[in-house]
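Nothing in this text is a laboratory measurement; each read-out follows from the coordinates by a stated rule. None of these values were measured; they are calculated from a predicted model. Because the Cβ atoms are built from the backbone with ideal geometry, glycine has one as well, and the counts that use them run over all protein chains shown.
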Amino acid sequence: MATVKTLTASLGVLLLGWGAVIPTAAQAPAGQAPPAAGRGRGTPAPATRILTFDAQPATIKPGESALLVWHIENPPSATGFNAFGTIEPGVGRVAPRGSKRVTPAATTTYTLSAGSLTKTVTVTVPGTKPVVASAASSAASTDIRRTPDGKPDFSGIYGWGNLFGGRGGGGAAPPVLKPGAEKYRVTRDPRDTGPTSNCLPLIPPNSFGVPYEFQFIQNRNYLLILHEYPGTFRVVPLDGEPHQADPDPSWLGDSVGHWEGDTLVIDTIGYNDKTEISGYRHTESLHTVERLTRVPEGVEYELTIEDPNVFAAPWKVNRSFRFTEAPQKRIFEFVCENNRDYRVLFGDNK
């Protein structure tokens with residue numbers, strides 16, 4: 001998988017640079033069907049079938065786990081890119097083919113749904129009262145995972161949902177430039193392959209706007225943010241300590257975190273001036289504040305951006321991050337290479 005992503009990275013990201021978020025077949029998440037190609041209008045899609053849905057083992061002792069294993073053929077697709085099924089209670093969206101370990105406290109019947117099709121399997125825990133599916137689903141939809149110290153746990157992998165679902169990537173209104181700051185607006189030549197085609201680091205919100213997964217890993221002291229593309233990371237201390245004095249400018253800046261109730265606030269300064277934000281350059285005075293609020297399906301994200309040298313006032317971007325539909329434990333390796341001149345692909349040899 002990593003090799004395929006490496007080979008298709010440059011062209012796929014070039015597409016994004018033009019403003020078209022169109023994943024190639026090779027970019028489809030593991031286990032998910034790429035968009036259908038070559039079908040004539042009016043040609044019906046192949047019928048969806050649930051080939052298998054099993055629990056291994058089907059009977060467990062209290063505290064033990066069972067592995068749910070399934071295979072959906074020709075799963076329905078809500079967007080043309082997101083082919084999926086769902087398993088309830090407590091699992092949610094799943095890839096067409098996969099497995100998920102569950103540890104029910106009582107006998108539980110799990111239902112795999114693919115469009116209008118369903119298939120059930122029961123994990124029996126002898127001596128317990130069977131779980132009522134509707135009650136279990138209701139609990140799963142309202143609870144969020146927490147760390148041992150009671151804080152919301154943001155750990156997980158996010159991806160396709162933040163591109164095709166939830167709130168958009170733009171602010172409520174475009175930023176207002178200061179008088180004389182028009183030079184900071186990015187104007188691209190038609191041959192320019194875009195801000196994400198050079199494999200260089202990206203900062204929010206651009207770093208959350210590419211069609212590749214990102215991962216949060218959290219413990220009591222740190223939040224680690226890993227981006228599959230372009231292979232960058234941020235380590236955010238959560239102990240409330242202030243910024244280091246006069247940090248040297250860097251690509252991703254100096255980030256510190258603190259809690260405001262159940263909302264995690266990440267404050268970042270110390271950026272260099274080599275990146276851009278939503279079509280604008282900035283100076284080393286850039287200051288961003290990210291507010292992360294955990295919800296059952298993922299994270300609600302608010303970003304406040306200010307640069308007194310560029311913008312007349314702070315402006316905001318809101319997004320909804322959703323957990324990936326395919327259960328997985330880590331993002332994939334992504335090796336970004338940009339040692340070719342791709343202008344020849346577009347008939348320009350100059």
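Comparing 231, 301, 190 along the charge dipole axis of segment 156-346, the residue lying farthest to the positive side is 190, per the Cβ-charge model. Placing +1 on the Cβ of every Lys and Arg and -1 on the Cβ of every Asp and Glu, with nothing else charged, gives segment 156-346 a dipole about its Cα centre of roughly 580 debye. Around the Cα centre of segment 218-295, unit charges on the Cβ atoms of Lys, Arg, Asp and Glu (plus for the first two, minus for the last two) sum to a dipole of about 280 debye. Its Cα gyration tensor gives segment 156-346 an equivalent ellipsoid; the semi-axes, largest first and in whole Å, are 25, 23, 17.
With a Förster radius of 25 Å applied to the C-beta separation of residue 189 and residue 313, the computed FRET efficiency comes to 0.25.
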